[in-house]
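Working notes for the structure below.
The values are calculated or read from the model by the stated rules, or taken from the named source; none is laboratory data. Keep in mind that this is a model prediction, so the values were computed, not measured. A quick note on method: Cβ atoms are made from the backbone with ideal geometry, for glycine too, and the neighbour counts reach across all protein chains shown.
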Amino acid sequence: MKVLQINASDIIGSRFNNFDIRHLLAADGIESTHLVWSKLSDSPDSQLFFDLPGARLANRVINRIEAKLSIHSRLQWQAYALALSEAYRMADLVHFHIIHDGYFSLDALPWLTRGKPSVWTWHDPWPMTGHCIYSLECERWQEGCGSCPSLDLAFPMRKDRTAEQFAWKKRIVAKSRAQIVVASRHMREMAARSPIAAGQNIEVIPFGIDLTRFRPVDPQPARSRLGVLPGRVVLGVRAFADSPFKGFEYVVEALRQLPDTGVPLTILTTHGKGHLNEFIGRHQIIDLGWVNDGATIMDTFAATDIFLMPSTAEAFGMMAIEALAFAKPIIVFEGTALPEVAGAPDIAVATPMRDATALSAAIERLVRSPEERQQRGAAGRLWAEARYSDVDFARRMAALYRKVAQR
């Protein structure tokens, strides 16, 4: 069976867009071709979509026009050209992934999904809102949007056209013939409250990871490579200082409130640098910045004792299951997919949303209790083995492809 995977990139998001499991799908009789707007790998399994001279430049102009008009994913008419590609014509099924990244007009979706059996993974709630990827505490997406309180959230609007965009999306989803897939019950519950998703059959298929790579290891070699001082409890955190969704500001405030436990700490950060300088002298700070190297990413998990992931919005939370696979206890906020995905309260510790004081107390408790860290970490590994194997992910996806193709 031949499946065409449509996504913005092959490498970026490869854990989500089935690029990393293509060999497992192949073993199950599913031949995947990835048609992407940005090809970053040298794999023959991915091809550049709409590979014409000047196409990327023209698309950037289109995106600027959309920004001025306060619309998104509507004017990229090259999406219709997908039907002319050999990859589309040869496919038995088409799987649409992140198609709202500024290269694909959703207006083409009803036509394309009538031409081939189709699956559409909603990787985030954008298909259910008037403009934003995550609505945070706003619930206007449940009633048609309009009068948006947060036009600055991605994808930003200059003027409020959220009600119009919402109605447009509702028409597109109703006309399309795609099986919608989400990765968490949290997302399916959102869809159940969404007027846009009304009447849609939503399948839940959690993502998976290679549990032979993400596994408990001796932390000392990784700590040596990263420069962690001896005898430290290591807190791992993503330093997304500018993101309204990752909750890093609550980590900073929790660290300010953290009392002296008598246990020396190392704060190990990725994705940003210099945001914890105020704690230099009190704690060891290791800022790795943006990390693309796979070996270094694995070292950060191996070296960590407690992983902090207090996101204010998550549709799944891949780094959470990676930390669990390394048998690391994690702390999350309530109100996103993370408590479900990470098994709170028995495995992950979940604290009230945006409550830095509660987050600080949870950090203090785990810092003081190596026994609880060990217990939660061991349970997390078993949780990951039972739910988040890439083999199981590929098996579930292959079964869905066959079911959809037979309709």
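Quick notes on this one:
- Test: residue in segment 162-184 that is in contact with an Asp or Glu (Cβ under 7 Å, 6 or more places away or on another chain) and either in a loop (DSSP other than H, G, I, E, B) or of a type in the set (Ser, Thr, Tyr) (or both): yes
- Top-ranked residue of segment 283-304 - restricted to ones that are assigned to a helix (DSSP H, G or I) and among the β-branched types (Val, Ile, Thr), ranked as surrounded by the most Cβ atoms within 10 Å (Cβ to Cβ): Thr300
- With respect to the conditions (1) part of a helix (DSSP H, G or I); (2) within 23 Å of Ala361 (Cβ to Cβ), Gly335 lacks only one, and its number is (1).
- Among residues of segment 129-143 being of a type in the set (A, V, I, L, M, F, W, C) and part of a loop (DSSP other than H, G, I, E, B), the one that is surrounded by the most Cβ atoms within 10 Å (Cβ to Cβ) is Cys132.
- Test: Ile363 is touching a residue at least 60 places away in the same chain (Cβ under 8 Å) and on the phi < 0 side of the Ramachandran plot: yes
- One residue stands out among those in segment 91-128 that are in contact with a Lys or Arg (Cβ under 8 Å, 6 or more places away or on another chain) and under 23 Å from Pro244 (Cα atoms): the one that is surrounded by the most Cβ atoms within 10 Å (Cβ to Cβ), which is Met128.
- Cross-chain or 6+ apart pairs with Cβ under 8 Å, segment 249-277 first and under 18 Å from Ser369 (Cα atoms), then assigned to a helix (DSSP H, G or I) and among the aromatic types (Phe, Trp, Tyr): Leu255/Phe279; Ile267/Phe279
- All positions within segment 42-80 that are in a helix (DSSP H, G or I), over 27 Å from Ile21 (Cα atoms) and among the hydrophobic types (A, V, I, L, M, F, W, C): Ala55, Leu57, Ala58, Val61, Ile62, Ile65, Ala67, Leu69, Trp77
- The residues listed here are Lys175, Lys159; of these, the one that is over 30 Å from Gln406 (Cα atoms) and surrounded by fewer than 16 Cβ atoms within 10 Å (Cβ to Cβ) is Lys159.
- Screening Phe307 with (1) part of a strand (DSSP E or B); (2) out of contact with any Leu (no Cβ under 9 Å at 6 or more places or on another chain) gives one miss only, at (2).
- Within segment 57-78, restricting attention to residues that are of a type in the set (Lys, Arg) and within 25 Å of the chain's Cα centre (by Cα), the residue that is surrounded by the fewest Cβ atoms within 10 Å (Cβ to Cβ) is Arg60.
- In the set Asp107, Asp124, Asp101, only one residue is part of a helix (DSSP H, G or I), among the acidic types (Asp, Glu) and under 28 Å from Phe316 (Cα atoms); that residue is Asp107.
- Subset of segment 15-24 [in contact (Cβ under 8 Å) with a residue 24 or more places away in the chain and either under 21 Å from Lys116 (Cα atoms) or among the acidic types (Asp, Glu) (or both)]: Asn17, Asn18, Phe19, Asp20
- Only a single item in (1) assigned by TED's automatic domain parsing to the domain that holds Leu268; (2) not in a loop (DSSP other than H, G, I, E, B) is not met by Met353, and it is number (2).
Residue by residue, here is whether (1) in contact (Cβ under 8 Å) with a residue 40 or more places away in the chain; (2) more than 18 Å from Thr121 (Cβ to Cβ) holds:
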site: Ala8; (1), (2): yes, no
site: Gly13; (1), (2): yes, no
site: Ala26; (1), (2): no, yes
site: Leu35; (1), (2): yes, no
site: Gln47; (1), (2): yes, yes
site: Leu57; (1), (2): no, yes
site: Arg60; (1), (2): no, yes
site: Glu66; (1), (2): no, yes
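- Across segment 311-335, the number of residues qualifying as buried (at least 24 other Cβ atoms within 10 Å of the Cβ), out of contact with any Phe, Trp or Tyr (no Cβ under 9 Å at 6 or more places or on another chain) and under 17 Å from Arg188 (Cα atoms) comes to 1.
- Qualifying positions in segment 193-234 - assigned to a loop (DSSP other than H, G, I, E, B), closer than 22 Å to Thr266 by Cα and aliphatic (A, V, I, L, M): Val217, Val228, Leu229
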